[in-house]
1. Suppose only helical runs count, i.e. DSSP H with n ≥ 4. What mean residue ellipticity at 222 nm does that imply for chain B under -39500 (n - 2.57) per run, divided by all residues and rounded to the nearest 500 deg cm²/dmol?
2. So which trypsin sites (Lys or Arg not before Pro) in region A:298-404 pass both tests, a DSSP loop state and at most 11 other Cβ atoms within 10 Å of the Cβ?
3. Calculate the dipole size of chain A relative to its Cα centre from +1 charges on Lys and Arg beta carbons and -1 charges on Asp and Glu beta carbons; express the result in debye to the nearest 20.
4. What is the order of B:Trp135, B:Trp170, fewest Cβ neighbours within 10 Å to most?
5. Please give the per residue volume of the convex hull enclosing the alpha carbon atoms of chain A, rounded to a whole number of Å³.
6. If you project the alpha carbons of region A:235-357 onto their three principal axes, what span does each projection cover, largest first, in Å?
7. With r as the distance between the Cβ atoms of A:Glu443 and A:Lys187 and R0 = 25 Å, compute the FRET efficiency 1/(1 + (r/R0)^6) and round to 0.05.
8. Any idea which of B:Gly154, B:Ser55, B:Val184 is furthest toward the positive side of the dipole for chain B, if Lys and Arg beta-carbons carry +1 and Asp and Glu beta-carbons -1?
Amino acid sequence: MSRRIPIIASIAVGSMVLLAGCSSGSSPNDNGSSSAPSEQAGPATLKVQYLQSDTFTAMNTLMTSVKTEFESTHKNVTVELQPVTATDTDYDTKLSLSLRSASTAPDVFYEDTFQVKSDIEAGYLLNLDTYLKTWPDWSQFNEGAKAAGQGDDGSIYAISLGTDTRVIWYSIPVMKKANITLPWQPKTWQDILDTAAKIKAAEPGVVPFTMYAGTGTGEGTVMQSFYELLYGTGNGLGLYDASAKKWIVGSQGFIDSLTFLETLYKDGYAVTPAEALDPNVWKTVLGTLMPEAKAGGTVEGSYTPSFWEKGGPFPWPAYTTDVGTALFPTQNGEAPGGVSMSGGWTLAASATTKNPDLAFEFMSLALNHDNALSYAIAASQIAVRTDVAAEPTYLAANPFQKAVTDAVSVTHYRPATSDYPKISSAAQTATESVITGKQTPQEAAAAYDTAVEGIVGADMVTKQ
Amino acid sequence: MTAQPLVKHDAALPTGGPHPHRTAGRLGRALPLVPSVLLLATFLLGPVIWSFYGSFTNSALSGPNAKNPQFIGLKNYVDLMNDPVFPLSLIVTLVFVIVSAIIGQNVLGMSIALLMQRANHVVGSIVGTLVVAAWVLPEIVAAFIAYAYFSNDGTLNQLLALIGVTGPNWLFSFPMVAIILANVWRGTAFSMLVYQAALQDVPTEITEAAMVDGAGGVQRLIYITLPMIKTSISTNLMLITLQTLSVFTLIWVMTKGGPASASSTLPVLAYHEAFQFGDIGYGTAIATIMLVVGAIFATIYVLLLRSEDQVK
C-alpha cells in the first residue's frame with residue numbers, strides 16, 4: 001500500500017498541472033463572455049453559422065454584406081461568420097452538434113425547416129415571440145412562412161428566408177426532335193411514360209426522363225422524385241396523416257410510386273441505376289445532360305435556374321429559351337392536377353445565446369425588404385414576404401419565376417417530426433431496392449412498412 | 001554531477017542521492033508516465049466510458065431526447081439484434097478485416113519483405129517507394145485516389161477498355177472487392193516495414209547452417225524464418241486488425257457503405273445511425289459492439305504471444 005501512495009500523489013499533482021493548463025487556456029473565452037451581458041458598453045461577438053458549397057454561395061454573399069452593415073451601426077459588436085462547407089445533411093448534423101453545448105452554439109444560424117420542430121423539442125431554439133410583436137416587418141410574411149417556424153406551442157422560433165417548389169424541367173430541343181407538342185404538360189403518369197418512349201425511339205443516346213432514386217441523392221430522392229409520385233396517389237396524404245398524427249403504411253400508392261420508378265429505370269428512360277446511386281448524379285443531369293440536349297427532362301427544385309445563370313456552377317446562357325417547365329401530374333389526373341413539394345430554410349437564434357437582442361437585430365436586418373429581395377433573386381427562392389413577391393425585379397429575375405411560384409398552390413410539406421429523417425431514409429432505401437432489382441415494389445413497400453413500425457412503434461401507424 | 005559519475009547512467013534514479021529508497025525509485029520511474037496516463041484517461045478511456053454509458057440511453061442529436069436522454073437499459077442492443085442490417089454489417093466487417101488485413105496486407109507485406117531481401121538494390125528501392133507511397137498519403141487523399149481508380153469511368157475501367165474489356169461498375173457491383181483491394185493497397189506498406197525490420201534480425205548464421213544441412217528455400221522459411229519472427233507477426237496482426245476494424249474514411253469516400261449497405265462496416269453503420277439519423281444512443285451501441293469485436297481479436301493475438309513466450 002505504501003508504494004502506491006506516492007504514485008497516486010504524483011498523478012494528483014500531474015492532474016492539477018493539466019487542469020491548470022486547461023483553465024488558463026479557457027480564460028480568454030471567459031473574458032469574452034463575461035463582457036457580453038453589458039452589451040451597450042463592452043464589446044460583444046455574434047457567431048453566425050450557415051451553409052455554403054460550390055453550388056450555393058448566395059447565403060455567404062448575404063451574410064457578408066449583412067455583417068458589414070451590422071458592424072457599421074454596432075461599433076462594439078464583431079460578427080464572426082462561420083460558413084460550413086458541406087452537403088445539406090452534413091450541415092444539419094454539424095449544426096445539431098454545435099447546438100448541443102452552449103459553448104459551441106452559434107448565436108444565429110441557417111436552419112432547415114424540417115429540422116425546426118425537432119430542434120424546438122430539443123430546446124435549441126430561442127423563442128422569438130417578444131421580438132416579433134414589435135417588428136413591423138413580421139406582418140409582411142405569408143401564413144405558410146410563419147407556420148414553417150412555429151412550434152407545437154404556437155410560438156415562433158425561426159423566420160423563413162424563402163421557400164421552394166418542385167416542377168418538371170424539360171429540354172425543348174429534345175422534345176421538338178421527338179415531335180412532342182409544346183408546351184408539354186403531362187396529365188397523368190402514363191403521359192410521362194408515353195413521352196419518354198417517344199424520345200427513346202426518336203433519339204437513341206438521350207436519357208428520356210430521369211428521376212432521382214436511391215440513398216445516394218439522399219433527401220433529393222424523396223423531395224424531387226418519390227414524393228411527387230406518392231403525394232399524387234390515393235387521398236394525397238402521402239407519408240403522414242397529420243390530423244390523426246399517424247404514419248401511413250400499407251398504401252397502394254406507395255407500391256404504385258415504386259412501380260413507376262421501377263418502370264422508368266427498367267425501360268431505360270432514366271439514367272442507369274449505378275449512375276443514380278452516385279450522390280453527384282444531379283450535377284451530371286443539370287450540368288451536362290440538360291445543357292447538351294442529352295436528357296429530355298427531370299424533376300427539380302425552383303432554385304434550378306440559379307445553377308444555369310451566369311455566375312452559377314453550370315452557366316448555360318440558352319436555358320431561358322431551351323428549357324420548359326411543367327407541373328408534375330397526379331397518378332391518373334386526379335384533382336388538383338399537379339403535385340409539388342416545398343421545403344426551405346430559416347434563420348434562427350440559439351436558446352443559449354448571451355446576446356438575444358443583438359441576435360434578433362441581426363436576423364431582422366438579414367430578413368428586411370432589401371436583403372430578402374436580393375437573396376430571393378440570388379438564390380432563386382420563392383419569396384415569402386408579400387412586399388418582395390410583388391417587386392418587379394423579383395418577378396423578372398428569371399423566366400420561370402411565375403411557373404414555380406404557381407406550383408405553391410399544389411405543394412406539400414414534409415411531416416416535421418423528429419422521426420422524419422429515419423422514415424425518409426427508409427423510403428429512399430425502398431426506391432434503391434426497386435431500381436437495383438433487389439426487391440419488387442411489393443416487397444420494398446412491405447420492408448418500408450416494417451421499418452416505419454420499428455421506428456415509430458405499432459401504435460403510431462395507420463393502415464390504408 | 002562530476003562527483004557522482006555513476007548516477008548519470010541510471011536515468012530512473014532521482015537526484016536525491018546515490019542509494020535512494022525503492023519507493024522513491026518507483027515514483028521516479030512512474031512520474032514521466034503520468035502525463036500520458038492522464039491524456040489516455042481523458043481522451044481514450046473517457047470517451048469509451050461515455051460511449052458505453054450512452055449505449056444504454058436514447059440520447060439523440062435533436063428532438064426531445066436531446067435535452068433529456070432517458071436510461072433505456074438494453075433496448076438499443078435488443079433493437080440491434082432485430083435490425084436486419086446489423087448481422088449483414090457484422091459479416092461485412094469480418095470479411096473486410098480478414099480478407100484485407102489478415103490475408104491481404106499481412107501476406108502481401110510478408111512476401112514483398114522476403115522478396116526485397118533478395119532483390120537487387122535498385123528494384124528493391126523502387127518497389128519499396130511505390131508501396132510506402134500509399135501509406136504516406138493522408139487517408140482522405142488515398143480514398144479519393146481509390147475512388148478515382150475504381151469508379152465507373154475510372155482508371156481501372158479505362159485500362160480494361162484498352163484491351164477491349166468493358167469493366168463492371170466496381171463500386172456498385174463489387175463494392176466489397178473494391179474496398180478490400182483499396183485497403184490492401186493502402187495498408188501493405190505497414191506490414192512490409194514491420195517484416196523487413198523483423199527479417200533483418202534473423203541471424204544469417206542460422207539460415208546458412210540450415211542451408212548446409214540441406215534445407216530448401218521453403219523449408220528454411222517455414223522452419224527457421226517464420227518461427228523466429230513469430231512475435232513480430234502477432235504484433236503486426238494485432239495492429240493491422242485494429243486499424244482495419246476502424247477504417248472509415250476509405251469506405252465513406254468510395255461507397256458510403258452502399259449500395260444498400262452492401263459495404264457498410266460497423267464504423268460506417270455507427271456513423272450513419274448516430275449522425276445521419278441522429279440516434280446517438282443506437283450509434284454508440286454499435287460502437288460498443290465494435291469495441292467487443294476488437295477486444296476479441298486482440299485477446300486472441302495476446303494469447304498467441306503469451307503461448308510463444310512460454311515455449312521460449
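Read the figures in this text as sums done on the coordinates, not as results from a lab. Please read all numbers here as calculations on a predicted model, not as lab measurements. Methodologically, a virtual Cβ is constructed for each residue, glycine included, from the backbone with ideal geometry; neighbour enumeration extends over all protein chains shown.
1. Details: 18 runs with 200 residues, N = 312.
Calculated at 222 nm, the ellipticity per residue is -19500 deg cm²/dmol.
2. Within region A:298-404, the qualifying trypsin sites (Lys or Arg not before Pro) (loop, at most 11 other Cβ atoms within 10 Å) are A:Lys310.
3. On the way: 29 positive and 48 negative charges, 130 e Å.
Its charge dipole is roughly 620 debye.
4. B:Trp135, B:Trp170
5. Numbers: hull volume 87.9 nm³, N = 464.
Roughly 189 Å³ of hull volume per residue.
6. 50, 46, 31
7. On the way: r = 30 Å, r/R0 = 1.22.
Computed FRET efficiency for A:Lys187 and A:Glu443 comes out at 0.25.
8. B:Ser55
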